[in-house]
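The values are calculated or read from the model by the stated rules, or taken from the named source; none is laboratory data. Here the structure is a predicted model, which is why all the values come from computation and not from measurement. Positions of Cβ are generated from backbone atoms using ideal geometry, with glycine treated the same way; all protein chains shown enter the neighbour counts.
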Amino acid sequence: MNEMRVARLNERAKAQGLEAVVIMPGPNMYYLTGLHMHLSERPALLFFPTGREPFAFCPAFEAERMTTGAGITKVYPWGEEEGPAPVLKRALTEQGIGGGFLGVEYRYMRVLERELLARAIAESPSVMGGAAEKGLRYEDAGLILADLRTVKDDDELARMQRAAEIVDAGVQAAHRFIKAGVTERQVAAYMEQELQKLGAEPPFEIMVASGPRSAIPHSATSDRVLQDGELVWVDFVWQYHGYTGDITRTYPVGQVSGKLAEIYQTCLEAQAKARAEARPGMSGAQIDAIARDYIADRGYGQYFTHRTGHGLGLEVHEEPYIVGSNHRPIEVGNTFTIEPGIYVPGLGGVRIEDDVIMEAQGARTLTQYPRDLLR
């Protein structure tokens, strides 16, 4: 249990008027407790009542992990035969939860858990006749947790630096292997093989797209054979002790010239400009505009079809988003990607992505593998 993070959560929950925050298995549970628990068909919830001791509701075989792994002393385990509903009702009754607004994770809570909570609150004698007559009342606590997680501490940054070094090694391996005659899938397999030699944890995904397929920003890796005179990009995510590295590099297969070389140079310069000019206090929209305006001024604005970047940490996509709709200031300690792209249908595409941390003097780039690979 990370007491400092829990205390900050309690402060924010109190200010928002929440009775408790309910956490699902996933990144926020790990952030607060250090416990990795994945979603399954068996519901598990971690409750943080405002100003009181947390408690857990989980399958019986997970009770010890909740105690030893998450540091939760009060656990309500449910058995396979009894089922979760009566145990959750007892937990809420004993803890007196259900009379006010609960903070839940909109992005993670399923209908399964929502209905269990609604039924348990409706039937709980400790809240019957009070506010619970209105049923389950809830607000999104995901916004609170997203804000807490955006500013990384020293331990988180050290893990992200190591994750960046691992993904750098991955794109270096790809560079060694890429040539005409190999397939996209073979490139991905070689990268994974080389990374496993370093003891890296298994990747979320390695995406390789070549030739005309590289004009599709999220192309899945295929059996297409790489050919001379085209571009191929490699985009993949790797984690180190829960924290994420995310990188994209675009490579030439043989000699690349003409419009492909032009869009490569344009994307390279836009990405470098955004990294160099980003400062704390700028909004995500302002940083997005640095890269977007540069590309548009050179006639390729219609081919830049996604945001310039996204926050990075326990998840590959989290706050803050580097997009035109985000007008919140970027803070010192925020970590995010800068990854403009140009995708010309039928011809090919370029994306160059790096991980950065915002420091007082500007954005410091964590990923370091060379970007200008046409030389």
- Would you mind stating whether residue 148 is of a type outside the set (D, E, K, R), within 18 Å of residue 311 (Cβ to Cβ) and not in a loop (DSSP other than H, G, I, E, B)? yes
Flagged in segment 167-181 as within 19 Å of residue 238 (Cα to Cα) and either touching a residue at least 60 places away in the same chain (Cβ under 8 Å) or not in a helix (DSSP H, G or I) (or both), in numbering order, are 167, 168, 170, 171, 172, 174, 175
inquiry  = Suppose the filter is within 25 Å of residue 295 (Cα to Cα), touching a residue at least 24 places away in the same chain (Cβ under 8 Å) and over 23 Å from the mean Cα position of the chain (by Cα); does residue 209 pass it?
reply    = no
Out of (1) surrounded by 17 or more Cβ atoms within 10 Å (Cβ to Cβ); (2) touching a residue at least 24 places away in the same chain (Cβ under 8 Å), the one residue 305 does not meet is (1)
Of the residues in segment 29-87, those that are aromatic (Phe, Trp, Tyr) and assigned to a strand (DSSP E or B) come to 47, 48, 55, 57, 76, 78
By residue number, the members of segment 170-204 that are at positive phi and either at pLDDT below 95 or in contact with a Phe, Trp or Tyr (Cβ under 9 Å, 6 or more places away or on another chain) (or both) are 199
Sole miss for residue 235 among (1) of a type in the set (Asp, Glu); (2) in contact with a strand residue (DSSP E or B) (Cβ under 9 Å, 6 or more places away or on another chain); (3) free of Cβ contacts under 8 Å to residues at least 40 places away in the same chain is condition (3)
Out of (1) crowded, with 16+ Cβ neighbours inside 10 Å; (2) at pLDDT below 95, the one residue 36 does not meet is (1)
